[in-house]
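The values are calculated or read from the model by the stated rules, or taken from the named source; none is laboratory data. Quantities reported herein were computed from a predicted structural model and do not represent experimental measurements. For neighbour counting, all protein chains shown are included, and Cβ atoms are generated from backbone atoms with ideal geometry for every residue, glycine included. Only protein heavy atoms, including side chains, enter the accessible area calculation; ligands, DNA and RNA are left aside. Shrake-Rupley method; radii C 1.70, N 1.55, O 1.52, S 1.80 Å.
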Amino acid sequence: MNKSILLLGILLATGLQVLANEAPSIDLGKTLFESTELGTKDRSCATCHPQGKGLDKTGDFSDTELKDIINACLRDALGADLISPDSQEMNALLAYVRTFQKKQ
């Protein structure tokens, strides 16, 4: 199934209306983080990182590095297609994952 269509379906199913010029939505990021529909292995990001487990050091990485890490996890752990680093979906996932970073 085309992943773009799937992402659009997730957006519509959750009632989120996201415009390309809006700031990334943490709610959209959470929805994507918890979705088992992104990949082919019936897993979500939350499968390996329940309640953000292991993501407390995200502050150690630049946005570019963290987007690369997210895509590697999507590809390897979830069996998903890579998400464009500049996409609304990636920026939403990045924003959500950053919520777990350890406060200093």
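Of note:
- Residue within the range 62-74 that is modelled with pLDDT of 95 or more, over 12 Å from the mean Cα position of the chain (by Cα) and farther than 18 Å from P24 by Cα present: no
- Scanning the range 75-102 for residues that are at pLDDT below 95 and within 19 Å of S25 (Cα to Cα) gives a single hit, Q101.
- Test: L66 is within 17 Å of Q101 (Cβ to Cβ), part of a helix (DSSP H, G or I) and open to solvent by less than 50 Å² (accessible area, probe 1.4 Å): yes
- Taking the criterion of being exposed (fewer than 15 other Cβ atoms within 10 Å of the Cβ) and of a type in the set (A, V, I, L, M, F, W, C), the only residue of the range 44-63 that qualifies is C48.
- Yes/no for G59 being in a helix (DSSP H, G or I), farther than 15 Å from G29 by Cβ and in contact (Cβ under 8 Å) with a residue 24 or more places away in the chain: yes
- Across the range 74-97, the qualifying residues are those that are out of contact with any helix residue (DSSP H, G or I) (no Cβ under 7 Å at 6 or more places or on another chain) and either touching a residue at least 60 places away in the same chain (Cβ under 8 Å) or open to solvent by 30 Å² or more (accessible area, probe 1.4 Å) (or both), and the one among them that is farthest from T36 (Cα to Cα) is D86.
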